[in-house]
Amino acid sequence: MKKLFPYLVYLKDVKMAFILAILAGIFYGASTGLGIPVLIRYLYPKIFSNEAISVMTLTLICTLPVIVSAFRAGGNFLNSYYLSYCGQYILQQLRIKVFAKIQNLPIAFFHKRQPGDLISRVSNDTTILQQTIINASQEILKQPITLLGAVSYIVYMCFQQSDVVFLIIFILAIPLCIVPIRYIGIKMRNKARAMQEQTSELTHRLAQNLSAVKEIRSFCLEEYELSRYEAVCHVLRERFLKVVKYTSILSPSIEVIASFGVAMAFWYSYKSKIEPDVFISIVGALYLSYEPIKKLGRLNSEMQQGLASLERLENILEEPITIHDPAVPHPVGKLEGNIQFKNVSFAYEMAPVLRDVTVHLTAKKTYALVGPSGAGKTTFAHLIPRFYDLAEGNGSITIDGINIKDMRLKDLRQNIALVSQDPVLFNDTIYNNILVGKPSASHEELMTAAKRAFAHHFILELENGYDTLVGENGSMLSGGQKQRIALARAFLKDAPILILDEATSALDANSEQLIQQALEELFKGKTVIIIAHRFSTIKHADRIFVFKSGEIIEEGTHDLLCEGKGLYEELYAKQS
Ligand SMILES: Nc1ncnc2c1ncn2[C@@H]1O[C@H](COP(=O)(O)OP(=O)(O)O)[C@@H](O)[C@H]1O
Ligand SMILES: [Mg+2]
């Protein structure tokens, strides 16, 4: 329960609803736990006595159950509704908090976590929490107060009858009920956690399958995939049934324990010749107090499921944000684009990917990075917008003399346009997909950018033009079309630093030649880092860096490097 405390601060935003819920719960609990036994004890004997009663009294007697029920009904509804209101508000805040956290997590986080697991945490676990909150709202106040009411009545009656044996019977039975509640609660948490982990696995399998529909068909993996999915489903069902087993066994065990209490009450009542109405009201109160215990026990096991889900969400919330704004950011407007790598070394895990790289990229010049795949070119480019940070003592990267770690992330990234090999499009219109580059752009600006990226023509040929929906991750478009939209975004963003990571690789030679002119236009006045395989693109760069195993082994202009008879010349000779 302590785990819930940090979230209770959100209650101050909904305090009126919360107070109302508590008051309604008190009304409900008091009218149930106390009201019903009192009715039995004092009103029904009047009806069954031989004395005649006036019409007034009879009317009053008959009205009282209606009044008690009205209190119960009203209290019940208001309590459940307003507690749910508060609970759902807290859940909403939690959902937003988790999503906001995901927006700020460093990219490395997403390499170590499966997307299916994250989706499952954000959707399934919050749904479980939602159900827990609904269930808890039904019971968490009403049942303890009902219990309190019923217990007060029993205590009162026992003292009035100077008979404490009932009290002892009752008190003895309570710890006995707590035993299964505690035991099952502990079991539940682990079982629920195991079940939720399996749900993550299921989501992960599904997400992976959906992202590889073509590969599965071309490699005939349908049956293999199906059997893997079946295995996961099977384990999930088994784990789910364990949770059901523990949830379902609780009420019956409490009932059995409670029946011993009632049996002893029978026995004792016979021995001590208790009045029937006293007996009935005490047994009624006993029953009314076991009912809340049963429900609270059940709630406890449901809460364990909710807590297991909460823990899984907290795992995300507790994840450290390793890449963040500096405490005192260096004010940065539009940068010139002088980029300096000083003794930069970098590793994702253990193996070094960049080794002691020192380069200076002068503003407004074009640089090409070439080299075999896996040489570290993409990594080099990704360090500039701080997708990854350099570890302490592993060199520094500055732009215009300012360490990139001293800038606000937003300021830094505002100055960089990055087009990657496989650009991601949102499932939205083409227009909105380009607008991502500069959300404040006018219609004309956007059209100009599309024209310059040689995207305008093919867009107009589509049935709905700029309003065409591109499908999930641009599935309605070809690779080349997607790249042109990504380029249009970069044109629109018009940042002083431009990084093209194999951004024209999906274009056919013809389109690439066309776009080449446009690119030269785009490159003017910008610091450009272009990673490419085609030498037609690389040739024109002011300077070329040749990467091999995380080091720059050659650098110079195209002509200079060709004379050198090194790796560059070798690569060039192969292509031409
Ligand atoms: N997220 C990652 N986690 C671990 N290793 C990575 C990751 N990304 C790339 N690498 C490794 O880093 C090396 C350089 O990769 P990369 O910079 O993408 O090369 P290039 O762009 O030159 O082909 C490769 O050996 C690759 O396996
Ligand atoms: Mg690469």
Span per principal axis, largest first, for the Cα atoms of the range 2-317 (Å): 91, 42, 33
Solvent exposure, largest accessible area first (probe 1.4 Å, DNA, RNA and ligands not counted), of Tyr270, Tyr229, Tyr388: Tyr270, Tyr229, Tyr388
Nearest-10 value in Å² for the accessible area of Thr32, using the 1.4 Å probe: 10
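Count the net charge of all other residues whose Cβ sits under 10 Å from the Cβ of Gly337, scoring Lys and Arg as +1 and Asp and Glu as -1. Please list the in-between numbers first.
Working: positive: Lys334, Lys364, Lys365, Lys526; negative: Glu336, Asp400.
It works out to a net charge of +2.
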Kirkwood Rh and Cα Rg combined as Rg over Rh, evaluated for the range 496-574: 0.96
Segment Ile249-Phe110, extension gain: residue separation times 0.36 nm, minus the distance between their alpha carbons: 46.0 nm
Asp508 accessible area, 1.4 Å probe, all protein chains in place, Å² to nearest 10: 80
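As an exercise, use a Förster radius of 22 Å and the Cβ-Cβ distance of Arg189 and Ala263 to find the FRET efficiency, rounded to the nearest 0.05. Mind showing how you got there, number by number?
Working: r = 33 Å, r/R0 = 1.52.
Efficiency, rounded to the nearest 0.05: 0.10.
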Spin-label model distance (nm) - Lys342 vs Phe426, 7 Å beyond Cα toward Cβ: 3.9
Cα-projected label distance for Ala70 with Gln208, points at 7 Å along beta-carbon direction, nm: 6.3
Within straight-line cross-link reach of Lys142, lysines at Cα separation under 21 Å, skipping those fewer than 8 residues along the same chain: Lys2, Lys15, Lys294, Lys295
Sequence of Val370, Val179 when ordered by accessible area, the most exposed leading, probe 1.4 angstrom: Val179, Val370
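Take the Cα pairs of the range 87-142, get the Kirkwood Rh, then feed it into Stokes-Einstein at 37 °C and 0.692 mPa s and tell me D in µm²/s.
Numbers: Rh = 12.6 Å.
The calculation lands on 260 µm²/s.
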Only Lys, Arg (+1) and Asp, Glu (-1) charged, at Cβ; the chain dipole about Cα centre in debye: 1760
Convex hull volume of the range 174-313 per residue (C-alpha atoms, cubic angstrom): 110
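Would you kindly give the portion of the calculated P(r) for the range 242-290 that falls above 13 Å, as a percent of all Cα pairs? Could you put the intermediate results ahead of the total?
Working: 727 of 1176 pairs.
That tail contains 62 percent of the Cα-Cα pairs.
If eta is 1.567 mPa s and T is 4 °C, what Stokes-Einstein diffusion coefficient results for the range 417-486, Kirkwood Rh from Cα pairs, in µm²/s?
Details: Rh = 11.9 Å.
Answer, rounded: 109 µm²/s.
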Distance histogram in 5 Å bins (all Cα pairs of the range 99-257, percent per bin): 2, 7, 10, 13, 14, 11, 10, 8, 7, 5, 4, 4, 3, 2, 1, 0, 0
27 Å tail of the calculated P(r), the range 1-140, as % of Cα pairs: 47
Principal axes of the range 339-575: Cα extent on each, largest first, Å: 51, 43, 33
Values of log10 I(q)/I(0), in the order q = 0.14 Å⁻¹, for the range 380-423 under a Debye, Cα-only, solvent-free model: -0.34
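Quote the Stokes-Einstein diffusion coefficient, in whole µm² s⁻¹, for the range 302-353, based on the Kirkwood radius over alpha carbon pairs, a temperature of 20 °C and a viscosity of 1.002 mPa s.
On the way: Rh = 16.2 Å.
My calculation gives 132 µm²/s for D.
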For the chain, alpha-carbon Rg and Dmax in angstrom: 35.5, 124
Cα point-scatterer Debye curve for the range 204-273, base-10 log of I(q)/I(0) at q = 0.19, 0.22 Å⁻¹: -0.83, -0.93
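Suppose all protein chains stay in the model; what accessible area per residue would a 1.4 Å probe give for the chain, in Å²?
In whole numbers, the chain has 52 Å² accessible per residue.
Output the pairs from Lys101/Lys191; Lys334/Lys526; Lys334/Lys548 with a Cα-Cα distance over 22 Å in this structure; if there are none, say none. Write out the running numbers ahead of the final one.
Numbers: Lys101/Lys191 28 Å; Lys334/Lys526 12 Å; Lys334/Lys548 33 Å.
From the list (Lys101/Lys191; Lys334/Lys526; Lys334/Lys548), the Cα-Cα distance tops 22 Å for Lys101/Lys191; Lys334/Lys548.
About the Cα centre, and with charges only on the beta carbon of Lys, Arg (+1) and Asp, Glu (-1), how big is the dipole of the range 339-575? Nearest 20 debye, please.
On the way: 25 positive and 30 negative charges, 85 e Å.
It works out to roughly 400 debye.
Over the range 264-360, consider all pairs of different Cα atoms and compute the Kirkwood hydrodynamic radius from their mean reciprocal separation; express it in Å, one decimal.
21.8
The values are calculated or read from the model by the stated rules, or taken from the named source; none is laboratory data. Because the structure is predicted, anything quoted here is derived from the model rather than measured. Using ideal geometry, Cβ is built from the backbone for each residue, glycine included, and neighbour counts are taken over all protein chains shown. The area values use the complete protein model at the heavy-atom level, side chains included, leaving out ligands, DNA and RNA. Shrake-Rupley method; radii C 1.70, N 1.55, O 1.52, S 1.80 Å.
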